[in-house]
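Everything on this sheet refers to the single structure shown next.
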Amino acid sequence: MSQLPKPDTDALRTKYPDVFDRPASARLAMPAMILAVFAIFVFGLVDLGFSPAKLVSGLSQLGWITVMMIPPDPGSSLPAYLAALGETLSIALLGTTLAAVAALPVSLLAARNIIPSNLLRFPVRRFLDSVRGVDTLIWALVWINVVGLGPFAGVLAIALSDFGAFGKLFSEAIEAADRKQVEGIRASGGNALHEIRFGLMPQVLPVIAGQVLYFIESNTRSATIIGIVGAGGIGLQLAEQIRVLEWQKVSFLILMILVAVAAIDWISGKLRFAIIGQRAIA
Amino acid sequence: QDWKSKYPELTFAVVPAENASGVTERWTPFVAYLSKELGIKVTLRIANDYAAVIEGQRAGNIHIASYGSASFARARLTGVKTDAFANDINADGSTGYYSVFFVKASSSYKNIDQLKGKNLGLVDPNSTSGNNVPRFELDKLGISDADGYFGKVVFTGSHENAMLALSQGTVEVAANQWTNDEDSTLSQMLHKGMLKNADGSPMKKDDFRIIHKSAPIINGPYAYNSDLPADLKAAIAKAFTEAPTKDKAAFDRLSDGQKKGFNPATTKDWDGTIELIKFVDALRKKKAS
Amino acid sequence: MLVVEGLTCRFGTKAAVDNASFSIQPGSFVGVIGRSGAGKSTLLRMINRLAEPSEGRILFEGVDVTALRGKDLRQWRARSAMIFQQFNLVGRLDVLTNVLMGRLAEIPSWRSLTQLWPQEDRALAMSALEQFDMAGIAAQRADQLSGGQQQRVAIARALVQEPDIILADEPIASLDPRNTRIVMDALLRINKHFGITVICNLHSLDLARSYCDRLIGMSAGRVVFDGAPETLTDRIARELYDLEADDVMGAAPAQAPDGAAMPELGTAAAA
Amino acid sequence: MLVVEGLTCRFGTKAAVDNASFSIQPGSFVGVIGRSGAGKSTLLRMINRLAEPSEGRILFEGVDVTALRGKDLRQWRARSAMIFQQFNLVGRLDVLTNVLMGRLAEIPSWRSLTQLWPQEDRALAMSALEQFDMAGIAAQRADQLSGGQQQRVAIARALVQEPDIILADEPIASLDPRNTRIVMDALLRINKHFGITVICNLHSLDLARSYCDRLIGMSAGRVVFDGAPETLTDRIARELYDLEADDVMGAAPAQAPDGAAMPELGTAAAA
Amino acid sequence: MANAISILPDQQLAVLNDTYRKAVARKRLKVTLAAVAFFAALIIAAIGAEVNLRTLFSYFGNFISYFDRILTLEDGTRVWTNFGEWFWGWQKWLKMLGETILISYVGTLTGAVIAFVLNFFAAQNTSPAPWLRFVVRRLLEFARTVPGIVFALIFVIAFGLGPMAGVLAIAVHSAGALGKLFSEIVENADMKPVEGVRSTGASWLSCMRFAVLPQVTAGYASYALLRFEINVREASVMGFVGAGGIGQELVVAIRKFYYSDVSAILVTIIVTVFVIDITTGWLRGKLFGKEARA
Ligand SMILES: Nc1ncnc2c1ncn2[C@@H]1O[C@H](COP(=O)(O)OP(=O)(O)OP(=O)(O)O)[C@@H](O)[C@H]1O
Ligand SMILES: Nc1ncnc2c1ncn2[C@@H]1O[C@H](COP(=O)(O)OP(=O)(O)OP(=O)(O)O)[C@@H](O)[C@H]1O
Ligand SMILES: [Mg+2]
Ligand SMILES: [Mg+2]
């Protein structure tokens, strides 16, 4: 097959020693890191009381639970479940949208390519970290003090804690944006607002849309806050049915949430590809 | 009455009892009854956490709340202006229940002393019968540091989980609530067949043994905001006491036939619980030093 | 010998390549010309089996390449090396690793996946890079190179596949004139020194005439011309491109145009 | 008249442009040539104020451009339109909107941000597109166009800025030869018909000689040549590029090389 | 200023503008419809969620009241006046934080590895077969749809109380969430290098390893670290299965109204989030490396 001359390995080796005998530091860095990651992992397993025997016996239990789940059956609670799902969807949609709207301007301040100064960016990023670091439960309690028990408090609690997450995620999306397009706007005499509106937004919008829809989806299934603030919610129903071991209802609820999530997933995909459009022709 | 214009709407907050499902369906008829009696709108709020109810009452946007004993004491202790006016009467006429320690009947344990170094399953930090009273009882038995005395003390999250953990052998002893043989988390779980032996056969009442029973714990109160007008307060209390006679259907739906009625009560009745809570808090300080 | 028999590729109802048949002798340098959208890329991609033929066969040394599956298919891809207009290097990997990609079909998976490349493969890759005077930048990331350098890396990658055929899909379309020359010369050297068959899609008729032994002209998916560069008259070229022959020559104007000879607004642009 | 006085730009310790001085008459077509890294792009970017000069001044019609701030700066950027090698269009916006970007400096912000472009600006943008025969695809997204089309959109954007100067940074480096011709012709027409000054970075000496009235040669940040294209002898070119003069000519070889005349391995590639 | 453009006659312009308008009208209509639908959904949601702006604004002052309380020590002084009293339990909390981090580490790593293996099958552009993609996507959907707490409760029944159930629940949930996010990154990746590697005769595995992986690692790392952070924060939910750590301690403090403890533990968690966020930034910089040359 080969018509190429055989290379002179020894001559090449003396000429480019780095290529053939990479220094130990370069060769061992990666394996060493993987080893460290793995070692901590194993330590964790041991420390947290993992045992293969427990795992095997548990798996058989899981199989047994699965059998109990068939067929899914809502019993007489279907209307209650539907109401809970609707309520949860409302809360998630509203809370996440609020969070996204509030986070967009702040995320600009947290992005390296907009605010190059570390000194200015640092407090913004730490502010976002803090908002995220405060448990949603606490945000829920804070809002109960303002608007009382009810779904509205849930909306506000979700809005605040997702605000922290969005601020971080959006700013990373902005940092990954193509600088050339922004420069094109600047070179035509656009001001900072123009650069953001025309140079950045078209690029980051699909990423942002995907993330927002993902959070709506994720909030729809989360059990905690929505229950705490006194708004029922589908996640709470699910947790409760599991606690009382009503497996058929459990599987029905899971199916319901799956359908809702799949629907959001589908919208998300549609939207993302609508914005991304066909790939550029090469 | 002028309070009707000042309080066109009242909020009634309920935290589901640990084992209740379908709380909304249970409470809705009763709240409708209450609304009819008071002549103003009453909104039912089911919260999943007493902390939320306490914060809500503190801010003044929850007017009536159903508390557990410990949570009510906690609310009073942290300065929430709330007053108890009633609590439940059990089917047997008593107004209290017990915190008990269960072990498996097949085990050899007869008393707490034999359980040193074994695992204890509690319910959750704010549960009266599942945490506060058990710790109080242990202290009375001379075990002031439960976490040091037992091998592990775990919060299982619910009364059911504690019993599950016991039946599966994860813990050797579990604290739980118990009113009488017919009325307890255990009896409900057995009734539903939720507890099973390793071979899959359902467990029976005889498979468990109580090794310690606490002094009676008073049932949790219904409490209203102290700032409400006196005649509104009176109207609320009256509506509660009359419920079993005036709207039997709604009351039975609420109590599942497990309760006889509402017992008029005052905040003073929970002084003992407040002492208990103070004791539990003192434990934290002790650990600190 | 590479034989293409009635090769067709349809996307939906549209035939990108329509019943193409020809055969190519080992060691020849064949240029494929035609307008944008004529099906040149699709033809080359089918030969490398990156695109699936809808009909027809491709035979290489008597073996039906279109029927290959799994390991055999991968081996065939290795034997028919592809060079792309956009280089298609892995930007975040260094130059040497990019060249070593050409050895993937030969090396056991566990070695390549853990990047424990055998010494002789490293040597092969280095000598290929050295041929193009790029050994010095073997450790640089591919996306930090200029276009001409990237295309030379791509050619080195093709070479270490030890291919029988090199399929080059407009290898110089994103290069400046100087790099164009470097890359085309490199292909020519490979073809003449090692006798590797080169099939090269080209936009510029000028380049095609200069470098190729034989030209295949395509239009709307069909092969409409096949012969030596000398036989491609201006009239045929005009037909092929459906244009003023002047435009397809593609090079810069010979002398500075003065104001008078300048095209009116919109005429050249309309081309 | 554009006057550059002792212009210097340092990145760290390295001077990308080093004490450059020249002045350019209105209406001339100036080519800036030099090796990769010579500082051509940096020079153009400083004139448009995309890069900050470390030292020196740029004067335009007597105004010190280097001192402009805020609104004045943006107005200056609009007057010195920039055309980029990579087009720098907003891929997800349609062609017309991309061209309208050239009006940003003129239009009140509330109008542009809400995309309520004035009728006359729309007319201007549409006319500019029509000049380059692109009005038909005004509604297409910019990232769906071919390279030549994208660069013509970029030129249209530059034109609607109603600039005094067009700064073109290797406008044809990512284009194939045919599009090269279209784009360079377009620049030439703008220059000759409307008298707009064009300053154009070019890699190819051939193109520079054909199109420009005057060449500025840069090497390592310094201006080392400044004169008419005729005065750029092969010797100077060789020095400028530090290379065999033959190579910088950049065009394809005139006739098909035969085996004997072929360069040995590694010689041309070494360039 | 020179004007290089001769404005077209009105008639010609009108024709061109018309064509343009027609071409964008469809898109405009779609966008408008979508926006209207979205706002309608928002309004319905606002009614469903009992939004009441009047209460919000009239009682907004209460917003700080909870913070006011958690920043006060039992003796009524501000927490920062007596650090020793505020952080009285720091040893315990640090130990619990360590435990939480360990749980999240094992859980997130397991989940990330599963997501890593599965996401190539779930991404549109790398999946070897459509049916496989369908199955894997549904699997991931299932894994992330069921809330972590629910898995935890199921696993407690199966595996008994203890960190193991919590870790497994975190792992399953993380696998589902990361699998989706990872596959989206892969779908955004440039396919040219993949084609380049495939044309050399490389197997599917090699294509992923050499052409896709180098493009996506930075994104993977960033999402995995975010998930790690979320898991650290949300491990409180796992408290009920005996895997709570610092999060559970926080919930206990909230429920028992040990106000100063709440703020102290919050500060601990927030500092941890700082550290993770800074690490993420550093790692992203490292993995993205120098920007490609223009
Ligand atoms: N994956 C695909 N799906 C649908 N149509 C395709 C696909 N690939 C190519 N085509 C169509 O097939 C035809 C031939 O395309 P091909 O890329 O082979 O042309 P080409 O001669 O290489 O053109 P160019 O010179 O622009 O590269 C074109 O009309 C193109 O739109
Ligand atoms: N932002 C920057 N930071 C640091 N160094 C830079 C920066 N921009 C340019 N340089 C350096 O300045 C020098 C001149 O770069 P410049 O891009 O102006 O060269 P050029 O003549 O345009 O080259 P090319 O023909 O490759 O485009 C180069 O050595 C380059 O590495
Ligand atoms: Mg092609
Ligand atoms: Mg440059």
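Some notes on this structure:
- Taking the criterion of being open to solvent by less than 40 Å² (accessible area, probe 1.4 Å) and either at pLDDT below 85 or in a loop (DSSP other than H, G, I, E, B) (or both), the only residue of segment B:28-44 that qualifies is B:Ile40.
- Whichever residue in segment D:23-41 is open to solvent by 20 Å² or more (accessible area, probe 1.4 Å) and not in a loop (DSSP other than H, G, I, E, B) and, among such residues, is farthest from ligand 4 (Cβ to nearest atom): D:Ser23
- Residues of segment E:208-234 classified as away from chain C (no Cβ under 14 Å) and open to solvent by 20 Å² or more (accessible area, probe 1.4 Å), total: 8
- Condition check for C:Arg92: at negative phi and either over 15 Å from the mean Cα position of the chain (by Cα) or within 16 Å of ligand 2 (Cβ to nearest atom) (or both): yes
- Screening C:Leu89 with (1) in contact with a helix residue (DSSP H, G or I) (Cβ under 6 Å, 6 or more places away or on another chain); (2) more than 7 Å from chain E (Cβ to nearest Cβ); (3) part of a loop (DSSP other than H, G, I, E, B) gives one miss only, at (2).
- Tally of residues being in contact with an Asp or Glu (Cβ under 9 Å, 6 or more places away or on another chain), within 21 Å of B:Asn219 (Cβ to Cβ) and within 13 Å of chain A (Cβ to nearest Cβ) across segment B:25-47: 1
- Within segment A:253-272, residues that are more than 8 Å from chain E (Cβ to nearest Cβ) sit with their Cβ atoms under 7 Å from residues that are open to solvent by 40 Å² or more (accessible area, probe 1.4 Å) and outside any helix (DSSP H, G or I), at 6+ positions apart or across chains, in these pairs: A:Leu255/A:Pro72.
- Strands (runs of 3 or more DSSP E) wholly inside segment B:86-163 containing at least 2 residues that are open to solvent by 20 Å² or more (accessible area, probe 1.4 Å): B:96-104, B:152-155
- Scanning segment C:66-106 for residues that are within 24 Å of C:Ile172 (Cβ to Cβ), touching a Phe, Trp or Tyr at 6+ places or on another chain (Cβ under 8 Å) and basic (Lys, Arg) gives a single hit, C:Arg79.
- Yes/no for A:Ser268 being modelled with pLDDT of 85 or more and open to solvent by less than 30 Å² (accessible area, probe 1.4 Å): no
- Listing of helices (runs of 4 or more DSSP H) fully contained in segment E:81-174 that carry 2 or more residues being under 26 Å from A:Ser251 (Cβ atoms): E:90-122, E:130-145, E:148-159
- Every condition in (1) surrounded by 19 or more Cβ atoms within 10 Å (Cβ to Cβ); (2) modelled with pLDDT under 80; (3) not hydroxyl-bearing (Ser, Thr, Tyr) is met by A:Ile276 except one, and the failing one is (1).
- When restricted to residues that are of a type outside the set (A, V, I, L, M, F, W, C) and more than 14 Å from chain A (Cβ to nearest Cβ), segment E:44-90 contains 11.
- Within segment B:171-193, the set of residues being part of a strand (DSSP E or B), among the hydrophobic types (A, V, I, L, M, F, W, C) and open to solvent by less than 30 Å² (accessible area, probe 1.4 Å) comprises B:Val173, B:Ala174, B:Ala175.
- Filtered by the rule that a residue be of a type in the set (A, V, I, L, M, F, W, C) and either part of a loop (DSSP other than H, G, I, E, B) or open to solvent by less than 10 Å² (accessible area, probe 1.4 Å) (or both), segment C:99-120 gives C:Val99, C:Leu100, C:Met101, C:Leu104, C:Ala105, C:Ile107, C:Leu116, C:Trp117.
- For segment C:65-93, filtering for residues that are within 16 Å of ligand 1 (Cβ to nearest atom) and in contact with a strand residue (DSSP E or B) (Cβ under 9 Å, 6 or more places away or on another chain) leaves 5.
- Count of residues meeting criterion [within 16 Å of ligand 4 (Cβ to nearest atom) and open to solvent by 10 Å² or more (accessible area, probe 1.4 Å)] in segment D:42-59: 4
- Scan of segment A:184-199 for residues that are without any contact (Cβ under 8 Å) to a residue 40 or more places away in the chain and more than 8 Å from every other protein chain (Cβ to nearest Cβ), ordered by number: A:Ala192, A:Glu195
- The single residue among A:Val146, A:Val101, A:Val124 that is within 10 Å of chain E (Cβ to nearest Cβ) and free of Cβ contacts under 8 Å to residues at least 60 places away in the same chain turns out to be A:Val146.
- Filtered residue count, segment C:176-205, keeping only those that are more than 7 Å from chain D (Cβ to nearest Cβ), under 21 Å from C:Thr42 (Cα atoms) and part of a loop (DSSP other than H, G, I, E, B): 1
- All positions within segment D:121-138 that are open to solvent by less than 30 Å² (accessible area, probe 1.4 Å) and facing chain E (nearest Cβ under 10 Å): D:Ala123, D:Leu124, D:Ala125, D:Met126, D:Ser127, D:Ala128, D:Leu129, D:Gln131, D:Ala135, D:Ala138
- Within segment A:16-117, helices (runs of 4 or more DSSP H) holding 3 or more residues that are open to solvent by less than 60 Å² (accessible area, probe 1.4 Å): A:24-47, A:52-68, A:78-109
- Residue in segment E:34-50 that is of a type in the set (Gly, Ala, Ser), under 30 Å from E:Lys256 (Cβ atoms), open to solvent by less than 90 Å² (accessible area, probe 1.4 Å) and assigned to a helix (DSSP H, G or I) present: no
- Extreme residue, nearest to C:Ala105 (Cα to Cα), among residues of segment C:139-163 that are open to solvent by less than 10 Å² (accessible area, probe 1.4 Å) and among the polar types (S, T, N, Q): C:Gln161
- Residues of segment C:60-86 that turn out to be open to solvent by 40 Å² or more (accessible area, probe 1.4 Å), more than 9 Å from chain E (Cβ to nearest Cβ) and touching a residue at least 60 places away in the same chain (Cβ under 8 Å), as a count: 2
- Only one of C:Ala173, C:Ala208, C:Ala158, C:Ala154 that is facing chain D (nearest Cβ under 8 Å) and in contact (Cβ under 8 Å) with a residue 60 or more places away in the chain: C:Ala173
- Residue list for segment B:65-74, filter: surrounded by 24 or more Cβ atoms within 10 Å (Cβ to Cβ) and touching a strand residue (DSSP E or B) at 6+ places or on another chain (Cβ under 7 Å): B:Ala65, B:Tyr67, B:Ser69, B:Phe72
The values are calculated or read from the model by the stated rules, or taken from the named source; none is laboratory data. What you see is a predicted model, and the numbers here were worked out from it, not measured in a lab. When we count neighbours, we look across all protein chains shown, and the Cβ atoms used for this are built from the backbone with ideal geometry, even at glycine. For accessibility, only protein heavy atoms count, side chains too; no ligands or nucleic acids. Shrake-Rupley method; radii C 1.70, N 1.55, O 1.52, S 1.80 Å.
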